[in-house]
1. Which one is modelled with the lowest pLDDT among residues in the range C:37-75 that are outside any helix (DSSP H, G or I) and facing chain B (nearest Cβ under 7 Å)?
2. Which ranges mark the helices (runs of 4 or more DSSP H) fully within the range B:1-119 that have 2 or more residues being touching a Lys or Arg at 6+ places or on another chain (Cβ under 6 Å)?
3. Output the number of the condition that C:VAL21 fails; it satisfies all remaining conditions of (1) under 18 Å from the mean Cα position of the chain (by Cα); (2) more than 7 Å from chain B (Cβ to nearest Cβ); (3) farther than 25 Å from B:VAL133 by Cβ.
4. Among the residues in the range B:22-29, are any more than 10 Å from chain C (Cβ to nearest Cβ) and over 23 Å from C:ARG52 (Cβ atoms)?
5. Please pick out the residue among C:ALA72, C:ALA51, C:ALA46, C:ALA42 that is in contact with a His (Cβ under 6 Å, 6 or more places away or on another chain) and of a type in the set (A, V, I, L, M, F, W, C).
6. Whether any residue in the range B:95-114 is over 20 Å from C:PRO4 (Cβ atoms) and either within 14 Å of chain A (Cβ to nearest Cβ) or touching a residue at least 24 places away in the same chain (Cβ under 8 Å) (or both) is what I want to check.
7. Residues being loosely packed, with under 13 Cβ neighbours inside 10 Å and either touching an Asp or Glu at 6+ places or on another chain (Cβ under 9 Å) or assigned by TED's automatic domain parsing to the domain that holds B:TYR47 (or both): count how many of those fall in the range B:123-139.
8. Need pairs with beta-carbon distance below 7 Å; first residue at the interface with another protein chain (Cβ under 7 Å from one of its Cβ atoms) and within the range C:1-16, second in a loop (DSSP other than H, G, I, E, B); sequence gap 6+ or separate chains.
Amino acid sequence: MAETIGKILFVLLVVMGAFLPMITWVERKQSAVMQDRIGANRANIAGITVLGVLHPLADVLKLFGKEDFVPAGANRVMHLLAPVIALVPAIITLAVVPFAGVYDFGGENPFSFVIADVDWGLLYVFAVGSIAAYGTIIAGWASNNNWALLGTVRASAQMISYEVTMGLSVVGVFMCFQTLSLQEMSLAQDSSFRLLGFLEHFGLFETLPGWLAWIQVPTWGIFLQPMGFVMFLTCIMAENKRPPFDLPEAESELIAGYHLEYSGMRWGLFYTAEFLEVPVIGCIVTALFLGGWSIPFLDTQTLIGGIGSFFGEGFATGVVLVLHVHAFLAKVVIMIWLQMLIRWSLPRFRYDQVMDLCWKIMLPLSLVNIFVTAVVLLWFQEVVG
Amino acid sequence: MSAELSLFYFFAALAVGSALSMVLNLRNTVASAMSLVITMVSLAAVYVLMEAHLVAVLQIMVYGGAIVVLFVFVVMLLNLRQDDFPPGRQRGAKALGVVLVVFAVIKLLALLPAALPDTVAALPEGFGGYRDVGTALFTRFILPFEATSLLLLSALVGAVVLAKRRLD
Amino acid sequence: MEIPIELVVSLSAILFGIGVVGALVRRNIIVILMSIELMLNAVNLAFVAFARMHGTNDGHVFVLIVITVAAAEVAVGLGIVISLFRNRDTTNVDDVSLLKW
């Protein structure tokens, strides 16, 4: 019990307390860098600006000071409830994310750094993600505003469509790792293999030059399922409704879409949800495709053995735990940076282009990906054994 | 009362209450749909209490995430703001139907405790998990599974044909 | 075993009854479709309860198939609703009586 509460506090502290405020700042600075500006640097306390890091604080203070306005024709209860429904799924998704591996400290059970180490973790992510659509839907409907309604119609169609493709694009990963638990997936990614090792079965391996035969890559999802990675990242970014997929809130055509009639901190909650989903997406993509907490080419046993030979087993396990948490967070930061880069590089799609991309390009591609993966895996099982 | 039983009573009450509010809410179709979501989610919780984990997750994913969103999507697409219809026809027959349904349910509830055995079978390892259910689905139930895929295909074609404005 | 099976089956029966009443009484075709979904859910609940009672997974497989059928039914049903609304500008089932005298 105490262990679980500790994990929850850690996750909330890291993601809500550190990542979330920083992301609003990072977003501003990233856009400034890419548009050749200086960027956020005005908010200050007694003249100290600290590179503009104080801007999130100023934002929150401003939002809390604003009037909380409910339009006259709105459905009051639903209007007030919608931002909360939008925010909650983003937070509870973190319950199944493994921030570090499984460690034996000699206690009753090995220590596993997941809040809820359930067998069906990835299904949980999808279930929670599908609930997230309701925040948008209720917001647009309850506002009683045609722009908001248009935004909501767009949002619900976009989210349902991309959910289908998102589910299909990770089936290849299930097949490779034979599990749906994110922790077990991370454990399976904690090793490496020879990139061209399969040529042994054709008798071609000996003909390769030595350095080519020696090349090793980690067994990460991104190397086993490169197409799955690209498609999953696209779909999950479309679910998040940030540019270039921000059709539901396209400010130039729909003013602001579904959160048009919101003000003050309730509007802030929608933005919090959107910003919070950025690190959450980073966490899920990292756990699925980037090896989770694993450090490339140094699996847990080697690390514990190596450090343990100098300082003892228990101390080494603790050090490795800390190292793994840092490896995970570093990968999450890389994924956040990648999302920021995409967000500020690409212009907004047209709506029919978004739908065509989903149904006419990604859906067939993901089915092809499943088929090819199945054939290759069957070949490995039959021939390689 | 054990924790599981009180959880069951809580979610059962939630399911029945929101189902009633879905049927009795005469003004707002979207509110009916939201009540239906609450019913679905509380039923998923009951499934978890019955150790049916895969079914519970799929219940939320398919019913909560797709089907009800589709309902709401259609309501918004047609922009049905309020739902006040003139008095319907055949009210006597409908009232009789409701009375019969209520009577049948009460009779069923009275008969149920005697009809069901008191003991339940022991849970096998992996009961309700995706491995076991999936294995059953793809071995013993492969024919219904394939038949369902055919049904889905025909529904897909049918929905496109129905919703398309005109076929050219 | 903590939860008696008859309680779960009773819940299923009550929900099914509510679904039938909804399909009978309501005249908004969308709510009628929702009531049908509710009935299917009640059946699913009974399947899950009996699967728990017998300790086999067969009931869960049936539930998966029922969920699929429900999804297909909603897709076609809502397609019909949309084309009905386009042609007759109503979602009231009492107004859709062209084939009835």
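1. Here the answer is C:GLY55.
2. Numbers: elements: B:3-24, B:29-49, B:53-58, B:68-77, B:91-115.
It comes to none.
3. For C:VAL21, the failing item is (2).
4. Within the range B:22-29, the first condition is being more than 10 Å from chain C (Cβ to nearest Cβ), and the residues that meet it are B:27-28.
Next, only the ones that are over 23 Å from C:ARG52 (Cβ atoms) stay: B:27-28.
Scanning the range B:22-29, I find at least one residue that is more than 10 Å from chain C (Cβ to nearest Cβ) and over 23 Å from C:ARG52 (Cβ atoms), so the answer is yes.
5. Values: C:ALA72 fails: in contact with a His (Cβ under 6 Å, 6 or more places away or on another chain); C:ALA46 fails: in contact with a His (Cβ under 6 Å, 6 or more places away or on another chain); C:ALA42 fails: in contact with a His (Cβ under 6 Å, 6 or more places away or on another chain).
After ruling out the rest, the residue left standing is C:ALA51.
6. As a first pass, look at the range B:95-114 and keep what is over 20 Å from C:PRO4 (Cβ atoms): B:95-104.
From what's left, either within 14 Å of chain A (Cβ to nearest Cβ) or touching a residue at least 24 places away in the same chain (Cβ under 8 Å) (or both): none.
No, the range B:95-114 contains no residue that is over 20 Å from C:PRO4 (Cβ atoms) and either within 14 Å of chain A (Cβ to nearest Cβ) or touching a residue at least 24 places away in the same chain (Cβ under 8 Å) (or both).
7. Looking only at that region, the number is 3.
8. C:MET1/B:VAL120; C:GLU2/B:SER2; C:ILE5/B:LEU116; C:ILE5/B:VAL120; C:GLU6/B:LEU116; C:VAL8/B:MET50; C:VAL9/B:LEU116
The values are calculated or read from the model by the stated rules, or taken from the named source; none is laboratory data. Everything quoted here is computed from the prediction, not taken from an experiment. Please note: Cβ atoms are built from the backbone with ideal geometry, for glycine as well, and neighbour counts cover all protein chains shown.
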